[in-house]
Amino acid sequence: MPVDYSAQLDQAIAKLHEEGRYRTFIDIERQNGHFPHAVWNRPDGTTSQITVWCGNDYLGMGQHPVVLKAMHEALDATGAGSGGTRNISGTTVYHKRLEAEIADLHQTEAALLFTSAYIANDATLSTLPKLFPGLIIYSDALNHASMIEGVRRNGGAKRIFRHNDVAHLRELLAADDPAAPKLIAFESVYSMDGDFGPIEAICDLADEFGALTYLDEVHAVGMYGPRGGGVAERDGLAHRIDILNGTLGKAFGVHGGYIAASAKMCDAIRSYAPGFIFTTSLPPAVAAGAAASIAYLKTAPELREAHQTAARILKMRLKGLGLPIIDHGSHIVPVIVGDPKHTKKLSDMLLNDFGIYVQPINFPTVPRGTERLRFTPSPVHGPRETDALVRAMDALWSHCALNRAQLSA
């Protein structure tokens, strides 16, 4: 009998529905100058005003006049697309300017642009064994999916150490051939729990065992450090990181990803990574906006301070309600619900009844039993928005969230 492909697709999608893990897209229209407010295009064709509480435009730079001005000027000057890969007509003055801005931010010799931080992680980590034959990569158990994929695809040896467990990492390093090339891959801020990686301790181990360090600062660049260089800059450790991964699509408010490293490292990745070589480069207007955003945030510590203050206030008020939040001192505010269907129901009620948009986070993004609502306050979430969120969470948690029968109805 022929394979019934349609039936197999139905089965795969039905499984997600049954487990409460089916992901729905909320159709929203961001309104320039009004972030975090937006318009929700409801499935029935009507519209509603909502407040976005789960976006990664952490500092509101996606609508900042400095960024928009740079993008308009570049768009008018160059047109829409880049016209090719970086190697074939797709390198412009805007790309070079952005890479120079990134290298200056992280005080590295060079930087290399990618179309996303996911691609930057995947392409770099999967390419490194070509440059260092026999390379062993030691990867934190909670690393982002892009890092996991890059390590998985590279064909080299890998070791997984327990999350933030420096003692376990030491055991793994000590058990391997001292002469083998090694690289430790980890993050500065883990986005689901909001905890920090032990950067200094891992750098010490890297020095002891002759390993390279690879640090993902995607949820930290722009938001930590005197100039927004990330947690490594904040802690005075940036000079000890061999390869740093960052994004242009979160705190910088635009799009794209990058690595920052030595000139030799960037040149080698540029020359060997298929994920870089065969991809159309970022549109010049996007590169121009990102460069303007980075340059602005280097001199805007008040935005970082306001961001941290907004996070502290929200965590304090949610704790005051007795909600089970995770607080590791970062800007990320997860509220643990612990069941995928209940998490989705809470998300739906917040949106439909209160005009508050926060996306449910379920497996495989987080382990089963730790499903959550993940709030991302920003400097433009003011007292009015925070009050509305706290009142809504108080009402829903008190009357619904602990009542499984009502949530499951």
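Looking at the chain, the DSSP beta bridges with both ends there are about 55 percent antiparallel.
Given +1 at the Cβ of Lys and Arg, -1 at the Cβ of Asp and Glu and no other charges, the dipole of segment 26-76 around its Cα centre is 120 debye to the nearest 20. Summing +1 for each Lys or Arg and -1 for each Asp or Glu among the other residues whose beta-carbon sits under 13 angstrom from that of H95 gives +2. How large a share of the accessible area of the chain, in percent, is made up of carbon and sulfur atoms when the probe is 1.4 Å and the other protein chains stay in place? Carbon and sulfur: 55 percent of the exposed surface of the chain. If only the Cβ of Lys and Arg carry +1 and only the Cβ of Asp and Glu carry -1, the dipole of segment 238-358 around its Cα centre is close to 160 debye. In the assembled protein chains, M316 presents an accessible area of approximately 130 Å² (probe radius 1.4 Å).
How would C54, C203 rank on accessible area, largest to smallest, probe 1.4 Å?
Working: C54 25, C203 0 Å².
The ranking, largest first, comes out as C54, C203.
The accessible-area ordering, largest first, of the residues D4, D176 stands as D4, D176, per a 1.4 angstrom probe.
Rounded, prolate or oblate: which fits segment 121-181 when a ≥ b ≥ c are the square roots of the eigenvalues of the alpha-carbon gyration tensor, with rounded for a/c under 1.5 and prolate only if a/b beats b/c?
Numbers: a/c = 2.88, a/b = 1.14, b/c = 2.52.
Because a/c hits 1.5 or more and a/b fails to exceed b/c, segment 121-181 counts as oblate.
Between the listed residues N245, Q8, G155, the Cα displaced farthest toward the positive end of the dipole of the chain, a dipole computed from Cβ unit charges relative to the Cα centre, is found at Q8.
Within straight-line reach of K250, meaning a Cα separation under 17 Å, sit the following lysines at least 8 residues removed in sequence or on another chain: K298.
If the cut-off is 16 Å between C-alpha atoms, which lysines fall inside it for K341, apart from same-chain ones fewer than 8 positions away? Here the lysines satisfying the reach criterion relative to K341 are K15. Each Lys and Arg contributes +1 and each Asp and Glu -1, all at the Cβ; summed about the Cα centre of the chain, the dipole is approximately 420 debye.
Taking square-rooted eigenvalues a ≥ b ≥ c of the alpha carbon gyration tensor, is segment 174-246 rounded, prolate or oblate, where a/c under 1.5 means rounded and, failing that, a/b exceeding b/c means prolate? Present the calculation step by step, with values, prior to reporting the outcome.
Numbers: a/c = 2.47, a/b = 1.92, b/c = 1.29.
Since a/c reaches 1.5 and a/b is larger than b/c, the shape of segment 174-246 is classed as prolate.
Considering only G90, F196, A310, and ranking their Cα positions along the charge dipole of the chain that arises from unit charges at the beta-carbon of Lys, Arg, Asp and Glu, the one farthest toward the positive end is A310.
Applying a 10 Å radius around every beta-carbon, put 166-175, 389-398, 327-336 in order of their mean neighbour count, most first. Kindly include the intermediate steps, with their values, before the conclusion.
Values: 166-175: 15.7, 389-398: 17.5, 327-336: 20.0.
Ranking the peptides 166-175, 389-398, 327-336 by packing returns 327-336, 389-398, 166-175.
Toward the positive end of the charge dipole of the chain, with +1 on the Cβ of Lys and Arg and -1 on the Cβ of Asp and Glu, the farthest Cα among F375, N121, G225 is that of F375. Looking at segment 150-284, the DSSP beta bridges with both ends there are about 35 percent antiparallel.
Peptides 373-385, 276-288, 29-41 ranked from most to least packed by the mean count of surrounding Cβ atoms within 10 Å: 276-288, 373-385, 29-41. With a ≥ b ≥ c the root eigenvalues of the C-alpha gyration tensor of segment 1-101, is it rounded (a/c under 1.5), prolate (a/b larger than b/c) or oblate? It is oblate, given that a/c is not under 1.5 and a/b is not larger than b/c.
Computed from the alpha carbon atoms alone, the convex hull of the chain holds 179 Å³ per residue.
The values are calculated or read from the model by the stated rules, or taken from the named source; none is laboratory data. Bear in mind the structure is a predicted one, so any value in this text is a computation, not a measurement. So basically every Cβ, Gly included, is an ideal-geometry build from the backbone, and we count neighbours across all protein chains shown. Areas reflect the complete protein model, heavy atoms only, side chains present, ligands, DNA and RNA absent. Shrake-Rupley method; radii C 1.70, N 1.55, O 1.52, S 1.80 Å.
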